[in-house]
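Here it is, the structure in full.
The values are calculated or read from the model by the stated rules, or taken from the named source; none is laboratory data. All values derive from a computational prediction rather than experimental measurement. Note that we place each Cβ from the backbone using ideal geometry, even for glycine, and neighbour counts take in every protein chain shown.
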Amino acid sequence: MNYARSFSLGLVGLFSAPLGLRAGLVITPSPGYAVAWYGNDGDGYNPASPAPVASNLANAAGAVAFTSSDLGPELGIGFHVAGNLNDSLYGNSNSWIGGNLPGTVPAPYAAIKLGGFFNVSSIAFGRDNGNGAYDDSTPGTDCCGGQADDRSLGVYTLQFTRVSNPSASTVDTGNAVTGWQTIATLNYQWSDDTIPGGGFTSYLRHEFEVAAGAQPLLATGIRLLVPATGIGGGTDIDEIEIFGTPGIDPDPDQDGFDSALEISLGFDPNSPASSPEGISKSEPAVAFSFYGSDNNVYDIEGSSDLNNWLQLEPNLIGPGDKVERCYSIRGEELKFFRAKVVPQALSIPAFQKP
């Protein structure tokens, strides 16, 4: 299943925030990730009712949609359910809204389990993208049979995972290897206009290019934490679309170590019995401690000659108590350690190991 997309802006994804700031959209990528909205606004808009969706990884064989909850069963209707997220149709009667969850736990979300590992290049979603002839003078006049323009504003959190079988039991660990990890937040603040194209129209389909730094975003699942849930204004998503190319499972023997590391250490990446987990060693080290005021920020540095200092830990916020660290001195490279107040040139006297 090769559902790749071509983009003309390339590395402009690294500078996506200024583009978002010029519109009703603000993108805030997580450190190490690039996310770009390249100005598409209702691309593929189709007045058919319901409006069809192009083939992509989310509606391909093996993909499964799952959610925090569904509003449809609570209302006794057959839509506003998880299956509408990848049913290949835009339109209110083919959309999802979360149920009336108590409080904020769990956070409302819509997710797609992919049919394996994929290098994801872009993700698209929208409140609507057709479903009747577009009338820019009175948009949203019939949410059940025409263009819908509600339930789209707020902050979305875009996440991915690499676990082998993502589901409702997969938790947010901040590490894609073990659970959900955040790629970016997408703040839908307002609509710049009410027509496809031109400025940002919050309730139409928008596509976002994604990357993990200079590497593809390897994923088995994509999840959107949505701004609101329930009948009183819960976020409405008609469709989630995911584009990319087949990827390779980085840990086929499921022993918790990627194949590249196992090969570099001389282990078999296809055998769970052959694992670097048992490797351990002891090395000479020195314990360094100082008392850090909670009024100051410190740099911890090391030196072999008291003249040239190597930064070991920058911008450490003083706890108003004792700070303890342990540093390797293998090869006797470092003999002295100090904590220096930032930005003043004051420092705690250098500590010499015995």
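This table checks each residue for (1) more than 30 Å from GLU207 (Cα to Cα); (2) surrounded by 11 or more Cβ atoms within 10 Å (Cβ to Cβ); (3) in contact (Cβ under 8 Å) with a residue 40 or more places away in the chain.
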residue	(1), (2), (3)
ASP249	no, yes, yes
PRO252	yes, yes, no
PRO272	yes, yes, no
PRO276	yes, yes, no
ALA285	yes, yes, yes
GLY302	yes, yes, no
ASP305	yes, no, no
CYS326	yes, no, yes
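Is it true that ASN56 is crowded, with 17+ Cβ neighbours inside 10 Å and within 18 Å of GLY244 (Cα to Cα)?
Criteria met by ASN56.
Filter the range 207-235 for residues that are of a type in the set (S, T, N, Q), in a strand (DSSP E or B) and surrounded by 16 or more Cβ atoms within 10 Å (Cβ to Cβ) and give the result.
Correct list: THR220 only.
LEU204 fails exactly one of the following numbered conditions: (1) over 23 Å from ASN86 (Cβ atoms); (2) buried (at least 23 other Cβ atoms within 10 Å of the Cβ). What is the number of that condition?
Every listed condition holds for LEU204 apart from (1).
Scanning for something at positive phi and in a helix (DSSP H, G or I), does the range 293-310 turn up at least one residue?
Checked against the condition, which is being at positive phi and in a helix (DSSP H, G or I), the range 293-310 yields no hits at all.
If ILE27 passes every condition in (1) at pLDDT 90 or above; (2) over 21 Å from SER202 (Cβ atoms) but one, which one does it miss?
Evaluating ILE27 over (1) at pLDDT 90 or above; (2) over 21 Å from SER202 (Cβ atoms) leaves (2) as the failure.
Could you look through the range 75-104, keep only residues that are within 17 Å of ARG151 (Cα to Cα) and of a type in the set (Ser, Thr, Tyr), and pick out the one that is modelled with the highest pLDDT?
It comes out as SER95.
Quick check on my filter: what residues within the range 174-196 are closer than 29 Å to ASP258 by Cβ and under 12 Å from the mean Cα position of the chain (by Cα)?
Across the range 174-196, the qualifying residues are GLY174, ASN175, ALA176, GLY179, TRP180, GLN181, THR182, ILE183, ALA184, THR185.
Residues of the range 300-320 being among the charged types (D, E, K, R) and within 17 Å of PHE290 (Cα to Cα), which ones?
GLU301, GLU313
On the basis of being of a type in the set (Ser, Thr, Tyr), within 27 Å of GLY99 (Cβ to Cβ) and surrounded by fewer than 19 Cβ atoms within 10 Å (Cβ to Cβ), does SER191 make the cut?
no
Quick one: which strands (runs of 3 or more DSSP E) lie wholly within the range 17-83 and hold at least 2 residues that are in contact (Cβ under 8 Å) with a residue 12 or more places away in the chain and not aliphatic (A, V, I, L, M)?
So the answer is 25-29, 64-67.
Filter the range 254-270 down to residues that are part of a loop (DSSP other than H, G, I, E, B) and small (Gly, Ala, Ser) and give me whichever is surrounded by the fewest Cβ atoms within 10 Å (Cβ to Cβ).
GLY266
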